[in-house]
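Note sheet for the following structure.
Since every read-out is calculated from the coordinates, none of them should be taken as a lab result. Being a predicted model, the structure only gives us computed values, none of them experimental. Here Cβ is always computed from backbone atoms with ideal geometry, including for glycine, and neighbour counts include all displayed protein chains.
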Amino acid sequence: MKPFTQMNGLAVPLMRANVDTDAIIPKQFLKSIKRSGFGVNLFDEWRYLDAGFPGQDSSTRQPNPDFVLNADRYKGAEVLIAGENFGCGSSREHAVWALDDYGFRSVIAPGFADIFHNNSFKSGLLPIVLDKEIVESLAAECEASEGYQLDIDLNAQTVTTPSGQVYPFEVDSFRKNCLLNGFDDIELTLQQRFRIEEYEDARRKNAPWLFDVPS
Amino acid sequence: MAGKTLYDKVWDAHVVNQQEDGTVLLYIDRHLVHEVTSPQAFEGLQLAGRKPWRTASMLAVADHNVPTTDRANGIEDPVSRLQVETLDANCETFGVTEFKMNDLRQGIVHVIGPEQGATLPGMTVVCGDSHTSTHGAFGALAFGIGTSEVEHVMATQTLLQKKSRNMLVSVDGEVGPGVTAKDIVLAIIGKIGTAGGNGCTIEFGGDAIKALSMEGRMSVCNMSIEAGARAGMIAVDETTIEYLKGRPFAPKGDTWEKAKAAWLELKSDDDAQFDEVVRIDASSIEPQVSWGTSPEMVASVNAQVPNPADDEYANKREGYERALEYMDLQAETPLTDIKLDRVFIGSCTNSRIEDLRAAAAVIKERKVADSIKQALVVPGSGLVKEQAEKEGLDKVFIEAGFEWREPGCSMCLAMNADRLESGERCASTSNRNFEGRQGQGGRTHLVSPAMAAAAAIAGHFVDVRHF
């Protein structure tokens, strides 16, 4: 996994509550067997006026001029300022891949759905939870001033606004460490291989039905 | 020391290791796999030169992309076909048990797991699918994971997890006649909201839950995720045991007896402490209809579409206004005035045999309204379909004007050819009414199978209790 340490990037506000993973990446694009290439269809139904389907030539699409990501001033945005319960619904990690592939490196919201939150860390997209009032004020500042950039420091656990206001955030220490170093979770876990084997041996004795090969 | 909850017990039994910061390496007993969220995980495994830790823990099936019409010619859409063929090839390469598209046992992953006895009490069950919460109906700890975690489970048989908080949702007393498990869970989501269970594992308890069949319990646990909880659980009792007895993957003989004794302990202790408790009076629950674009936007069939201008909705005004615009509904319209274009009976929430029986009982000797363009019944598995046909339910549906289809996820998420056209309105027994969920521009109203059946006959929503 690619590491996340510190960044400074253009922010864009999308303050709807309960933005679901069907909205982030509609189902027809989940037919891909790859991990990449989802960015062009991020928020597809909101971002384009025409219907999207896999394999389309994106240069022929009709962008929705009213959707925030299509505004020139937000081109190249890397930080999404979002509403409550962002990423609810389906477990599709494609939602994280789409945000990442588009160029987002962090999402700041008052709260995330559990599975999305979990998936984000696996692909190096940093989800940051801040109080609703703070997120709303960031969104308002962002709308008010073009070129609004946020500085995010994972090690220091801070978000810093262009005016120098610093907001600290919480992050799970284990996940923070994995993200800072870009650790591969599987490799880390396999270092505990003997523990998993020990667990299995004990479990097999007291609950053999869990290990019977299906008929 | 306080007693343990059901969740505490299953969690504790699966801890391989706990780090100082509370991160746990949790052992996974059952890994269900489908075609949409697994190809990148299998690829990752191959690229790293790894093998699945324990293939016997895995059970795979293609359900999201499969056609529900004639399968003799395979899958027409080349992109869908490649995804299903990729699953077939991966299962072949790694020796994973798979029910292929034309296997009688094929069906929706959350229907076939329990149907086969592959979901057992006290197990940890995962799948790259948020509706894995369904399996919690068996006193299992079951939750959806992303594709990176799918690969992690394949490679290590474990997940790195932090424990959730314990929430009890107790549905006390008895529901009235004509009120189903689906109405119970929609009413719960309406009360606690779609983020109400974030960070929690919900245990559903109370007399109204205990009175449910396993099918009903699965419908309730299925929608835990729509209340924000990754997992929902229900204590094991004789209903659970009775359901599992004799299923192909369930233990037999002496092992069955030993397992049964262990399973009957899978309930929260009397003095267990929950972080949050929600109580709902079962007798207050009426048949539910969702009116908006989030499952929490739901009301009794006899209510009206809410008016976002009302003071009580001040916090939700913007979301409500947006939802009404998308749904093309006027505030204060009686829900029974909402006319429908299509009806969908199916999905991992409501496609089991009891669901089909409940719908068939409503439509028997009646006809689908002329104004309905299409009414679909999509059984949850080949075995559900076979059982329904033995009971003659297929004829009841077909004579009424329903289409009787092959099993799969179908119009719940419209990854195959079954979908709404833009602007169409559907009464659906599925679990999500998000914008575009059943097809771009489509409008979904979530209801129980009996309510969907009644709506198909009437052409609009009706209170099935007086139909």
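Values for this structure:
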item: Loop sites in region B:396-460: GluC sites (Glu not before Pro), DSSP, at most 13 other Cβ within 10 Å; result: B:E421
item: Distance between modelled label sites at B:E276 and A:E197, nm, 7 Å Cα→Cβ extension; result: 4.3
item: Exposure proxy order (Cβ contacts within 10 Å, fewest to most) of A:T189, A:T158; result: A:T158, A:T189
item: Built amide H within the under 5 Å cut-off of A:I25, gap 5+; result: A:F43
item: Cα-centre dipole for the protein assembly as shown with unit charges at Cβ (Lys and Arg positive, Asp and Glu negative), debye to 20; result: 1360
item: Low-density loop positions, trypsin sites (Lys or Arg not before Pro), region B:249-303 - DSSP coil, at most 16 other Cβ in 10 Å; result: B:K252
item: Residue-by-residue Karplus 3J(HN,Hα) for region B:260-269, coefficients 6.51, -1.76, 1.60, Hz, glycine and proline x; result: 4, 4, 5, 5, 5, 7, 7, 8, 5, 5
item: Potential extension, A:E187-A:Q157 segment - 0.36 nm per residue separation minus Cα distance; result: 8.2 nm
item: Cβ-derived FRET efficiency at R0 56 Å, B:I398 paired with A:L180, nearest 0.05; result: 0.40
item: Under 20 Å from the A:E143 label point (7 Å along Cα→beta-carbon), backbone N, region A:1-34; result: A:10-20
item: Above-threshold pairs, the threshold being 24 Å between Cα atoms, out of B:K9/B:K163; B:K9/B:K182; B:K252/B:K390; A:K2/A:K34; B:K367/B:K395; A:K122/B:K191; result: B:K9/B:K182; B:K252/B:K390; A:K122/B:K191
item: Amide H contacts under 5 Å for B:E403, placed H, 5+ residues apart; result: B:A375, B:L376, B:V377
item: Choice from A:E200, A:E45, A:E187 showing the highest fluctuation, given a GNM over chain A with Cα pairs closer than 10 Å; result: A:E200
item: Environment charge at B:D207 (Cβ cut-off 10 Å; Lys +1, Arg +1, Asp -1, Glu -1); result: -1
item: Antiparallel DSSP beta bridges within chain A, as percent of all bridges there, nearest 5; result: 50
item: Helix-only CD estimate at 222 nm, as mean residue ellipticity for the protein assembly as shown, using -39500 (n - 2.57) per DSSP H run (n ≥ 4); result: -9000 deg cm²/dmol
item: ³J(HN,Hα), Karplus 6.51/-1.76/1.60, whole Hz, each residue of region B:8-23, x for Gly, Pro; result: 3, 5, 5, 4, 4, 6, 10, 7, 7, 7, 10, 7, 4, 7, x, 5
item: Long-range amide H partners of B:F249 with built H, under 5 Å; result: B:G117, B:A118
